[in-house]
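One structure is given here, and the rest of the page talks about it.
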Amino acid sequence: MNPALDETHDPGAVSWVESAANHLDFPVQNLPLGLFSLARDSRRRAGIAIGDRILALDRTAPLLEGDARRAAQSCESGTLNALLALGAAPRRALRRAIFKLLTDRQYASEVSSALSPASDCELHVPANVGDYTDFYTGIHHATNIGRLFRPDNPLLPNYKYVPIGYHGRSSSIVASGTRVIRPTAQIKAAADAAPSYQPTQRLDYELELGIWIGGENPRGEPIAIARAEDYVAGLCLLNDWSARDVQAWEYQPLGPFLAKNFLTTVSPWIVTSEALAPYRIAQPPRPDGDPAPLPYLLDATNQATGAYAVTMEVHLQTAQMRAAGIAPQRLSRGPMSVMYWTVAQLVAHHTCNGCNLRPGDLLGTGTLSGPDATSLGCLMEISSGGRTPIELPGGEQRTFLQEGDRLVMTAYAEAPGRARIGFGECAGEVVSPSEPSS
């Protein structure tokens with residue numbers, strides 16, 4: 001169900017928190033959920049981003065009532081899992097109550113003490129991720145990658161029938177800013193060569209959105225497509241770091257393993273389904289000749305409002321560029337609407353066999369590349385498999401990532417007559433491989 005619009009979406013609403021005015025990511029119309037800690041107090045606390053401040057929910061709960069207060073108090077364990085488990089109604093009540101506190105100046109003196117500068121805070125993964133599944137919904141990415149290996153048959157026959165995905169590793173999901181240690185694993189450099197154990201030479205990123213699950217379904221009971229969005233708490237940015245040379249050697253017959261499980265970075269804020277309500281758009285129609293989704297994946301309302309008007313960007317800054325004061329270079333910009341399957345279809349398919357999702361589970365969309373060279377979602381595509389280097393300011397080139405490279409993903413939602421809201425950063429800097437533990 002598409003969440004209803006209410007006063008929290010009013011584009012003319014203004015917060016008394018001055019930095020929230022026209023903030024590119026966190027105006028009062030956003031109010032994303034996250035976890036933070038202060039240097040003077042390392043305890044993890046639930047918070048809401050507003051401008052360049054973070055509002056502590058534990059300090060705000062006494063000012064709330066009913067479902068809003070219950071939602072705020074559910075975060076006392078230092079994760080958002082319990083809040084996500086409550087479902088949409090308490091989350092919406094919390095959003096409306098916080099919106100009132102932040103827009104009505106009579107509450108400013110009481111609420112100000114619960115605000116901390118974001119620059120003084122460390123941000124964390126917002127929930128304990130029990131399970132992580134990464135999908136493959138970007139059809140342009142799937143076609144481009146398939147063409148590198150199968151020029152005459154880039155998409156396998158099941159792609160347009162089945163939302164393809166694999167079960168990833170939740171223990172290595174980290175918050176934005178965590179360093180990216182170049183992984184070491186088996187690589188087979190040439191068809192006639194023996195494999196060797198060495199650091200990857202083809203370290204890549206993948207531009208994705210993450211889907212945070214709220215609520216749960218009993219094992220054995222699928223989630224119907226018409227109800228699937230009730231289980232989506234919100235979205236974040238996600239970078240599925242990938243070792244392409246490791247992947248090429250290991251991926252058959254069971255798919256990604258060490259090429260992917262060393263690190264996945266997420267932006268630390270959950271931009272809630274309620275905040276994203278004004279930015280819902282129709283799922284783009286499938287090309288002529290493509291099969292219609294099977295009935296368990298097809299819902300008219302979801303097709304009419306199941307996509308999002310979200311734009312994603314990737315920027316790269318090398319160590320040499322930083323030393324020279326050269327700004328990061330944009331590698332790509334593209335829309336989330338390139339997903340071949342909607343978020344609801346991913347949830348419905350994930351559970352159609354009776355798989356039980358739990359609050360705090362995380363789904364990745366897969367790499368979201370657009371249809372042209374300016375909107376490709378990974379270096380494997382941009383460099384044509386390493387054959388075409390990228391020219392960077394200062395005379396550098398890149399086919400894949402090197403030590404000192406800092407990659408930053410950002411995203412924002414826009415719609416006519418609405419305030420722009422953003423996702424914050426999903427960033428990481430590449431460092432040398434770690435030595436094995438003795």
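General remarks:
- Inter-site label distance for SER172 and ALA248 at 7 Å from Cα along Cβ, in nm: 2.0
- For SER113, the shell of other residues with beta-carbons less than 13 Å away shows a net charge of 0, using +1 for Lys and Arg and -1 for Asp and Glu.
- Projected onto their three principal axes, the Cα atoms of region 99-246 cover extents of 73, 41, 29 Å, largest first.
- At R0 = 35 Å, FRET efficiency that the Cβ-Cβ distance of ARG40 and ALA226 yields, to 0.05: 0.15
- Residue order, fewest to most surrounding Cβ atoms within 10 angstrom, among GLU18, GLU229: GLU18, GLU229
- Listing TYR308, TYR166 from fewest to most neighbouring C-beta atoms within 10 Å gives TYR166, TYR308.
- Highest-first packing order for the peptide set 405-413, 82-90 is 405-413, 82-90, based on the mean count of other beta carbon atoms within 10 Å.
- Relative contact order of the chain: 21 percent, from C-alpha pairs under 8 Å at least 6 residues apart in sequence.
- FRET E, pair SER113, ALA282, Förster distance 45 Å, beta-carbon r, rounded to 0.05: 0.50
- Straight-distance crosslink candidates among lysines, where the alpha carbon sits under 19 Å from LYS260 and sequence neighbours closer than 8 are dropped: LYS188
- Cross-link partners of LYS100 among aspartates and glutamates, defined as those whose alpha carbon lies under 18 angstrom from its own and excluding same-chain residues fewer than eight positions apart: ASP6, GLU7, ASP10, GLU18, ASP58, GLU65, ASP67, GLU110, GLU274.
- Label-point separation, ASP6 to ARG322 (7 Å along Cα→Cβ), nm: 4.3
- Extension reserve of the ILE181-SER196 stretch, reckoned as 0.36 nm per residue once the Cα distance is removed: 3.5 nm
- Counting neighbouring Cβ atoms within 10 Å and putting the fewest first, the residues THR137, THR272, THR143, THR399 line up as THR143, THR399, THR272, THR137.
- Kirkwood hydrodynamic radius over Cα pairs of region 184-319, then Stokes diffusion coefficient at 20 °C and 1.002 mPa s, in µm²/s: 116
- Compactness of region 301-341 - radius of gyration and Dmax, Cα, Å: 16.3, 52
- Treating each Cα of region 307-412 as one equal point scatterer and applying the Debye formula with no solvent, the log10 of I(q)/I(0) at q = 0.16, 0.21 Å⁻¹ comes out as -0.81, -1.10.
- Working note: Debye formula, equal point scatterers on the alpha-carbon atoms of region 7-124, no solvent; log10 I(q)/I(0) at q = 0.09, 0.13, 0.16, 0.22 Å⁻¹ is -0.21, -0.44, -0.69, -1.34.
- Within the shell of other residues whose beta carbon sits under 15 angstrom from the beta carbon of LYS188, the net charge comes to -1, with Lys and Arg scored +1 and Asp and Glu -1.
- Our helix-only sum for the chain, with -39,500 (n - 2.57) per DSSP H run of n ≥ 4 divided by its residues, gives a mean residue ellipticity at 222 nm of -5000 deg cm²/dmol.
- For the pair region 240-276 and region 57-111, the centres of their Cα atoms are 32 angstrom apart.
- Under 10 Å, Cβ to Cβ, from ASP361 - net charge with Lys/Arg +1 and Asp/Glu -1: -1
- The calculated pair-distance distribution of the chain uses every alpha carbon pair, bins of 20 angstrom beginning at 0, and gives 26, 57, 17, 0 percent.
- Once C-alpha pairs closer than 8 Å and six or more residues apart are averaged by separation and normalised to the residue number of region 70-114, the relative contact order reads 25 percent.
Any read-out appearing in this document is the output of simple, stated calculations on the displayed coordinates, not a laboratory observation. This one's a predicted model, so the numbers in the text were calculated from it and none came from an experiment. Neighbour counts run over all protein chains shown; Cβ positions are idealised from the backbone, glycine included.
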